[in-house]
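Since the structure comes first, as structure tokens, the remarks are kept for the end.
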């Protein structure tokens, strides 16, 4: 059986990992939208 | 659908469900219509201009890979196998994305003008490998599409009381319309909407739920119910984890969905790695809903209802709607991505290869739309009677995907990889895997997938060591067919960071 701390770390990995990824994606989306680099045609 | 499943369906306002789907339809079609003007060259049509930024890149990779299996499948696996069940699904989807991220810069460097995975098999190996691979990948993709369409119909019926055939038609129909409009561009743009929605709802909802329950309470409740749920001593689940990882890696390596994104995205290594990590957190959080269900003693009559029932338990006013939004966005993003992956294969490796190497841009765009529509209608027809053969097909192709792991890996990195070895390696791997599953025992599915990958590796390695071939990597640089001339804007240098 895994110890409680492992399960705790596992669950936190999901929560923190998901939160960080979400925040990063929002940040990059806003940044690229403002700079007009979301989707450029080959140039 | 059995009465017991229908009786257990989450009671959601049917009007609310249809309004939600209708709003999605309008939004995605508007996005497709607006972006249609972006599609000028063949590169725009097939690969969204080869210059997709990080934001759209991460979300298109993640959303295309998140299916109902990621959400419902992980919670179902966790309900049955506990923590190892979650890890098994994380391994099924995460490492494949991370590996594709590692391969991506090399694929871009070796094949700067690549368009489909067919280009790789045609140029790196030979015709027999190319002609063996094309039907394999198209049938695999159609089987995957069928499983998604079947899953969409069943999920919408069992969870939201939308009749099966209506669920299938609206799901495929919505995707057909917006894919046909701006093709790869609208797939990528709508993937962003769908991926962000899934990520936002799963992360926020599960954070709220776990703040209410407490993590240690979940552990104690699972331990009290069955200590195996919080243990790694679970042989069958560990075997499933190994086989699912092979299945996931192989299905990504042989699928044009991912290769086309490698060429479409500006910085594919970063985007695939972040998308892979993000995908794993979505699977992990969805799986934890099973522990919440155990802790709150939520009645689960069908294991695939764990996640929606937990949402409903904690968010009685909006829980069902959240589950519907997550499910529908997850299904649509994958359906659209695979629809376009198959369409572009048919366009490049079918029409341009065998019929007309130099069609006008207008003809290619029209043809892309027509193929998408025909393919979508065919998939609806194939799943109309809820065929059981889809499961069999996917089992068989689990063996096939395992067989293609090493031809792709060794073909990309080892100059001496022998094309006869690649061909016979795939053939031997499929034959051995099929024999183990169909010939020995149907219980040996996971063993068959793992064995298929191992046999493929051994045969290619043996042939290559005995008869090494000195491949000239420069042969991969020109992806076009002999009679083909570049379309306007195609093959020109693309600004990359």
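The values are calculated or read from the model by the stated rules, or taken from the named source; none is laboratory data. What you see is a predicted model; the values in this text were computed from it and never measured. Positions of Cβ are backbone-derived with ideal geometry, glycine not excepted, and every protein chain shown enters the neighbour counts.
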Only one of (1) at pLDDT below 95; (2) more than 7 Å from chain B (Cβ to nearest Cβ) does not apply to residue A:26, and that is (1)
Can you list the helices (runs of 4 or more DSSP H) found entirely within the range B:232-326 that contain at least 1 residues being touching a strand residue (DSSP E or B) at 6+ places or on another chain (Cβ under 8 Å) and under 23 Å from residue B:344 (Cβ atoms)?
B:256-264, B:268-295
Please verify whether the range B:209-219 includes one or more residues that are touching a residue at least 40 places away in the same chain (Cβ under 8 Å), surrounded by fewer than 17 Cβ atoms within 10 Å (Cβ to Cβ) and more than 7 Å from chain A (Cβ to nearest Cβ).
yes
Quick one: is residue B:100 surrounded by 21 or more Cβ atoms within 10 Å (Cβ to Cβ), at pLDDT 95 or above, away from chain A (no Cβ under 14 Å) and under 20 Å from the mean Cα position of the chain (by Cα)?
yes
Take the conditions within 14 Å of chain A (Cβ to nearest Cβ) and either over 22 Å from the mean Cα position of the chain (by Cα) or within 24 Å of residue B:382 (Cβ to Cβ) (or both) and apply them to residue B:168. Does it pass?
no
Would you say residue B:72 is closer than 21 Å to residue A:22 by Cα, at pLDDT below 90 and buried (at least 24 other Cβ atoms within 10 Å of the Cβ)?
yes
Given the structure, is residue B:204 surrounded by fewer than 23 Cβ atoms within 10 Å (Cβ to Cβ), away from chain A (no Cβ under 12 Å) and under 21 Å from residue B:59 (Cβ atoms)?
no
Given the criteria under 30 Å from residue B:52 (Cβ atoms), away from chain A (no Cβ under 11 Å) and in a helix (DSSP H, G or I), does residue B:185 qualify?
no
Going through the range B:366-380 one residue at a time, which ones are touching a helix residue (DSSP H, G or I) at 6+ places or on another chain (Cβ under 6 Å) and surrounded by fewer than 21 Cβ atoms within 10 Å (Cβ to Cβ)?
B:369, B:373, B:380
When the range A:1-23 is examined, which residues are found to be under 29 Å from residue B:38 (Cα atoms) and more than 7 Å from chain B (Cβ to nearest Cβ)?
A:23
Has the range B:290-299 got any residue that is within 22 Å of the chain's Cα centre (by Cα), within 11 Å of chain A (Cβ to nearest Cβ) and more than 17 Å from residue B:195 (Cβ to Cβ)?
no
Any chance you could count how many residues in the range B:141-182 are within 30 Å of residue A:29 (Cα to Cα) and assigned to a loop (DSSP other than H, G, I, E, B)?
0
Pairs returned, first residue in the range B:470-494 that is within 14 Å of another protein chain (Cβ to nearest Cβ), second residue that is modelled with pLDDT of 80 or more and part of a loop (DSSP other than H, G, I, E, B), beta-carbon separation under 6 angstrom, 6 or more apart or interchain, are B:487/B:41; B:488/B:41; B:489/B:41; B:490/B:41; B:491/B:113; B:494/B:51
Please specify each residue of the range B:123-165 satisfying the condition of being more than 30 Å from residue B:329 (Cβ to Cβ) and either in contact with a helix residue (DSSP H, G or I) (Cβ under 7 Å, 6 or more places away or on another chain) or touching a residue at least 60 places away in the same chain (Cβ under 8 Å) (or both).
B:123, B:124, B:125, B:126, B:128, B:129, B:130, B:132, B:133, B:134
Please work out which residue is farthest from the chain's Cα centre (by Cα), limiting yourself to the range B:75-90 and to residues that are surrounded by 22 or more Cβ atoms within 10 Å (Cβ to Cβ) and away from chain A (no Cβ under 14 Å).
B:79
